[in-house]
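> Before I ask anything, let me first share the structure, which is written out below as structure tokens.
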Amino acid sequence: MPIKTIIEPFRIKSVEPIRWTTRDQREQLLRAAHYNQFLLEADDVLIDLLTDSGTGAMSTRQWGAVMEGDESYAGSRSFIRFRDSIQDIYGYRHVIPTHQGRAAERILFSVMVKKGQIVPNNTHFDTTRANLEYVGGVALDLVIPEGRQPGLKHPFKGNMDVAALQEVIGREGKEKIPLVMLTVTNNSGGGQPVSMENVRQVSTLCRKSGIPLYFDACRFAENAYFIKLRESGYESKTPKDIAREMFALGEGCTMSAKKDGLANIGGFLCTNDDALAHQEKNLLILTEGFPTYGGLAGRDLEAVAVGLQEALEEDYLKYRIASTAYLGNHISEFGVPIVQPPGGHAIYIDARAFVPQIPLEQFPGVALANELYLEGGIRSVEIGTLMFDKEAKMDLVRLAIPRRTYTQSHIDYVIEVILEVWKKREGIRGLKLTHEQRFLRHFTARFEPIV
Ligand SMILES: Cc1ncc(COP(=O)(O)O)c(C=O)c1O
């Protein structure tokens, strides 16, 4: 009989201790952090599922490459390896390194978007939306209606609503829409993939309308693997071939290498447009650095060059997608409402359904996330009313799984904690917002519990 258990496709060579705290200590710590888990110290967290961004474990090959880092200011060997690795997968003419994804977004929007112009996306991530709004652009989320219904199963809930996009392009015209974006996978919509068919339709429409299509490519490898698993015609293609086919349908991308670059820091911006690349590199020099390092050390460029290729290895992707689903399927079996089906990098608990007694203005997602911390020292993050204010279509608690970092017993522990909180859900109360900033308020917001 074939063996069914999917194991971590690695051995552990170096360990990092994690620290237990008592419930009393966690109550004090959370109060001191103004009930905002971004303000906790990481040492006071047992299992940190705040983000999968930059929190993964690097491989021996990546650490080996780090030692090869060429720290030359201009023309470094490490940049050549970084660029070649990216072009091997993405195929775009210009590769502009940045310190992380949001720097690529800022540069892209500063160069391409004028005040009042609209950028449609399946769902803008928080930094994408904020950077766009910062230059006066309008962020329009056009995910398919299925993508807004947490409990509904659909293989490609990250897909763009092509009819809605067509309508917007018809109404506003090319002059008002400098670019269209597709976020793969769709982080704010539950880590849900976009199908190749959808990418093709969006690409055809954009090319016909003379509007460039850019990818927010952070989790492109996970998206490629979902296509392999779920879309007919792709079963026997490699994730790399699928990724190449997808990128060929666009004109460029922004990328946070802290996700499917398997690195702790890094990002890049790609484009096929020579004139744009020229302006983007000038802006890069102003704030990030020379175009052959863009705010990164040579060793970081090396780690990304290797990480991007490792993220496309099938053994890794199989384990990655299966282990995320393991968490989602176990809690959902006991009735915990989650975004279905489980996403690639995270499980999203539907807080509106978990704690229906908490009105939206009392932040059900933040209240639930705090309860998980109090119960078992697990840190997660709200993606909902706090993060997106009135734009929030759902209130989710995201449990993001750092890559190659936690074992199955860590995840079994997380499952047990969530099920304990599920039993006590009726007693969970909301929060009052006492302090907020204009942009990205979730990072620094302060709360008081409502008693
Ligand atoms: C879809 C998406 N876009 C952009 C970003 C921003 O990347 P960074 O955190 O590297 O700035 C993220 C980060 O989580 C993301 O998930």
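Computed from the coordinates by the stated procedures, all read-outs in this text should not be read as laboratory data. All figures in this text were calculated on a predicted structure; none of them were measured in a lab. Note: ideal-geometry Cβ built from the backbone for every residue, glycine included; neighbour counts use all protein chains shown.
> Output wanted: per-residue J couplings in Hz (rounded whole) for the stretch 134-143, from phi through Karplus 6.51 cos²θ - 1.76 cosθ + 1.60, θ = phi - 60°, x for Gly and Pro.
Per-residue couplings from phi come out as 4, 8, x, x, 10, 8, 10, 9, 10, 5 Hz.
> Given the DSSP H assignment, sum -39500 (n - 2.57) over each helix run of at least 4 residues in the chain and divide by its residue total; what's the result at 222 nm in deg cm²/dmol, nearest 500?
-12500 deg cm²/dmol
> Still on this model: Grab the eigenvalues of the alpha-carbon gyration tensor for the chain, scale each by 5, take roots, and send me the semi-axes largest first in whole angstrom.
The three semi-axes for the chain are 33, 26, 23 Å.
> Rounded to two decimals, what is Rg over Rh for the stretch 165-301 when you use alpha-carbon atoms and the Kirkwood radius?
With Rg and the Kirkwood Rh in hand, the quotient comes to 1.00.
> How charged is the neighbourhood of Gly252? Take every other residue with its Cβ under 14 Å from the Cβ of Gly252, and add Lys/Arg as +1 and Asp/Glu as -1.
-3
> Something else now. In whole Hz and in residue order, list the ³J(HN,Hα) couplings for the stretch 262-274 that follow from phi through the Karplus curve 6.51 cos²θ - 1.76 cosθ + 1.60, θ = phi - 60°; x for Gly and Pro.
Karplus values, whole Hz, x for Gly and Pro: 6, 10, 7, 7, x, x, 6, 10, 10, 7, 9, 8, 4.
> While we're on this one: Where nothing but the Cβ of Lys and Arg (+1) and of Asp and Glu (-1) is charged, how large is the charge dipole of the chain around its Cα centre, in debye to the nearest 20?
My answer is approximately 420 debye.
> For the stretch 129-177, what is the Kirkwood hydrodynamic radius in Å, using each pair of distinct C-alpha atoms?
Mean inverse Cα-Cα distance, inverted, gives 12.5 Å.
> Note down the Stokes-Einstein diffusion coefficient of the stretch 4-66 in µm²/s, whole number, using a Kirkwood radius over alpha carbon pairs, 20 °C, and 1.002 mPa s.
146
> If the cut-off is a Cα-Cα distance under 27 Å, which lysines reach Lys390, setting aside same-chain residues fewer than 8 apart in sequence?
Excluding near neighbours in sequence, the set is Lys114, Lys115, Lys153, Lys157, Lys176, Lys432.
> Can you give the FRET efficiency for Glu314 and Arg77, using 1/(1 + (r/R0)^6), R0 = 35 Å, r = Cβ-Cβ distance, to the nearest 0.05?
That gives a FRET efficiency of 0.75.
> Among rounded, prolate and oblate, which fits the stretch 274-353 when a ≥ b ≥ c are the square roots of the eigenvalues of its C-alpha gyration tensor, a/c under 1.5 means rounded, and a/b larger than b/c means prolate?
Verdict is prolate for the stretch 274-353.
> Next question. Would you work out which of Gly101, Ile331, Gly116 lies farthest towards the positive end of the dipole of the chain? Charges go on Cβ: Lys and Arg +1, Asp and Glu -1.
Gly116
> In terms of Cα to Cα distance under 16 Å, which aspartates and glutamates are near enough to Lys281, apart from those fewer than 8 places away along the same chain?
Glu105, Asp273
> Taking θ as phi - 60°, what are the ³J(HN,Hα) couplings along the stretch 425-442 by the Karplus curve (6.51, -1.76, 1.60), each to the nearest whole Hz, with x for Gly and Pro?
4, 5, x, 6, 10, x, 10, 9, 7, 10, 7, 8, 9, 5, 10, 6, 5, 4
> Over the alpha-carbon set of the stretch 1-149, divide Rg by the Kirkwood Rh and report the Rg/Rh ratio to two decimals.
Reported Rg/Rh (Cα atoms, Kirkwood Rh): 1.05.
> Another one. Based on the alpha carbons, how large is the Rg to Rh ratio for the stretch 326-443 when Rh follows Kirkwood?
0.95
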